[in-house]
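Just so it is clear, none of the values below were taken in a lab; they were calculated from the coordinates. Predicted model, so just to flag it, every value in this text is computed and none were measured. Cβ sites come from the backbone with ideal geometry, for glycine too, and all protein chains shown count toward neighbours.
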Amino acid sequence: MKKSVLRMTVCLLTVCSLLLVGILAPQAEAAPKYRWKLAQTWGTGFPIFGDAVIKMADLVKEMSNGEMEIRIDSANKHKAAFGVLDMVKAGQYEMGHSASYYWKGKDMNTMFFTTMPFGMIAPEQYAWFYYGGGMELMKEVYDRHGVYSYPGGNTSNQMGGWFQKEINSLSDLQGLKMRVPGFAGEVLSKLGVVVTNIPPGELYTALDRGTIDALEWVGPSLDLNMGFHKIAPYYYTGWHEPATELQFLVNQKKFDALPKHLQKILEVAMEFSAYDMYARSYNDSAVNIDKLGTEYPNVKVKTFPKDVIAAMKVENEKLLQASAAKDPMFKKIYDAQTAYMKKARRWTEISDYAYLKDNLE
């Protein structure tokens with residue numbers, strides 16, 4: 001049994017036991033109520049991402065027998081989609097749900113805990129988080145900001161984006177206006193792309209009106225719901241986000257002040273909802289990629305030309321080395337991920353890759 005599967009089994013058993021305790025435990029006559037608020041980057045009713053947050057909050061309430069409740073405020077309410085870290089840090093919200101690479105302008109080291117171009121796939125990255133020292137490194141980075149960060153759900157490998165025009169060569173990237181976050185944006189800017197980051201709720205309008213020429217969002221699990229296939233006919237496979245992990249942010253002082261049993265309940269609820277989002281995202285991508293092929297035959301699924309991918313790899317490595325030379329913490333995390341990926345990739349190659357290669361050819 002793989003470690004990720006074993007950890008999921010343990011997590012499920014823990015959830016069940018905590019639920020059983022909540023059901024059987026007698027009601028306290030004057031149990032204190034902990035009412036927390038969570039700010040999320042996503043809008044009201046946002047599927048998959050928002051559903052993971054709702055599942056987490058419901059689990060906390062049920063497992064704590066109503067002792068702890070978490071109110072969820074979407075970006076529609078707090079009006080600061082990319083301000084979640086600051087609000088949690090300041091204590092305005094006890095919790096947040098977002099993506100770590102959104103904070104690269106504040107701290108470049110946060111990007112590693114979402115995903116990196118040409119990096120680990122989701123099973124490798126989860127193994128790194130929980131058994132390869134990733135959680136400890138993430139804590140070291142976020143301790144500087146006064147918050148705890150936990151894995152918050154994985155989309156698995158993301159698509160390379162929606163494009164109005166076909167990309168046939170490097171020259172087609174020159175002056176292209178594209179929404180793409182994280183380290184991938186740094187890489188593409190070196191290749192002549194005009195990079196921007198736009199909140200999720202504004203993406204369709206920006207592409208439709210020509211404010212941008214291309215965008216990457218997630219993958220079939222969410223992209224079809226956003227309607228991008230109606231205005232951009234070229235859908236490229238991924239290179240930049242092989243294992244996009246969202247995050248739960250928790251104010252350290254607020255968390256440390258919780259009773260121990262509520263700390264545990266909160267951690268279990270976050271971990272379970274993160275794993276559940278990974279499974280949900282994978283399922284919905286499988287369903288929607290089939291739907292895309294049958295219902296929208298005008299959309300062409302493409303891969304970037306080999307010379308474009310090669311240039312991306314070169315610029316990616318240059319940027320990594322330059323950042324590592326300037327920041328010891330960046331180098332520490334980069335070296336750790338590189339070493340772990342090399343170790344994990346050997347197993348990936350002789351297990352999943354070999355199986356798929358033999359059965360897909």
* Structure fact -> Length gained, T44-Y204, 0.36 nm per residue minus C-alpha separation, equals 56.0 nm
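In region 47-147, which trypsin sites (Lys or Arg not before Pro) fall in coil by DSSP and have 16 or fewer other Cβ atoms within 10 Å? Don't skip to the answer; put the middle values down first.
Values: sites: K55, K61, R71, K77, K79, K89, K104, K106, K139, R144; in loops: K79, K104, K106.
Answer by residue number: K79, K106.
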* Would you kindly derive the ³J(HN,Hα) couplings of region 115-121 from the backbone phi angles with the Karplus curve 6.51 cos²θ - 1.76 cosθ + 1.60 (θ = phi - 60°), listing them in order in whole Hz, with x for Gly and Pro? => 5, 9, x, 6, x, 6, 7
* To do: Please tell me the relative contact order of region 120-226 in percent, rounded to the nearest whole number, where contacts are Cα pairs under 8 Å and at least six residues apart.
  => 27
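If the only charges are +1 at each Lys and Arg Cβ and -1 at each Asp and Glu Cβ, what is the size of the charge dipole of the chain around the Cα centre, to the nearest 20 debye?
Working: 41 positive and 40 negative charges, 119 e Å.
Dipole of the chain, to the nearest 20 debye: 580 debye.
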* **Orientation-averaged projected area, Cα convex hull of the chain (nm²)** => 18.9
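Calculate, in nm to one decimal, what K318 and L170 gain on full extension: separation in residues at 0.36 nm each, minus their alpha carbon distance. Present the calculation step by step, with values, prior to reporting the outcome.
Values: separation 148, 0.36 × 148 = 53.28 nm, distance 1.76 nm.
Once the chain is fully extended between K318 and L170, it gains 51.5 nm.
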* To do: Would you calculate the separation in nanometres between label points at K326 and A310, each defined as 7 Å from the Cα along the Cα-to-beta-carbon direction?
  => 2.9
* To do: Please give the helix 3-24 orientation as an angle from the longest Cα principal axis of the chain, in degrees from 0 to 90, rounded to the nearest 10.
  => 30
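Please give the contour-minus-distance gain from R345 to S189: 0.36 nm per residue of separation, less the Cα-Cα distance, rounded to one decimal in nm.
Working: separation 156, 0.36 × 156 = 56.16 nm, distance 2.86 nm.
Here the answer is 53.3 nm.
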* Two-site label geometry, K291 and I54: point separation in nm, points 7 Å out along Cα→Cβ -> 1.6
* Asked: Any idea what angle helix 328-348 forms with the longest principal axis of the chain, computed on alpha-carbon atoms, 0 to 90 degrees, nearest 10?
  -> 80
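Can you give me the relative contact order of the chain as a percent, contacts being Cα pairs under 8 Å and 6 or more apart? Provide the component values of the computation, followed by the final result.
Working: 580 pairs, mean separation 81.3, N = 361.
Once normalised by length, the contact order is 23 percent.
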* Enumerate the amide H contacts of Y34 below 5 Å, restricted to partners 5 or more residues apart or on another chain; note that Pro and chain-start residues carry no placed amide H. => M68, E69
* Structure fact -> GNM on the chain, Cα springs under 10 Å; top mean-square fluctuation among I72, I121, I231 goes to I231
* Asked: How large is the helix-only mean residue ellipticity at 222 nm for the chain, computed as the sum of -39500 (n - 2.57) over DSSP H runs with n ≥ 4, divided by its residue count, in deg cm²/dmol to the nearest 500?
  -> -15500 deg cm²/dmol
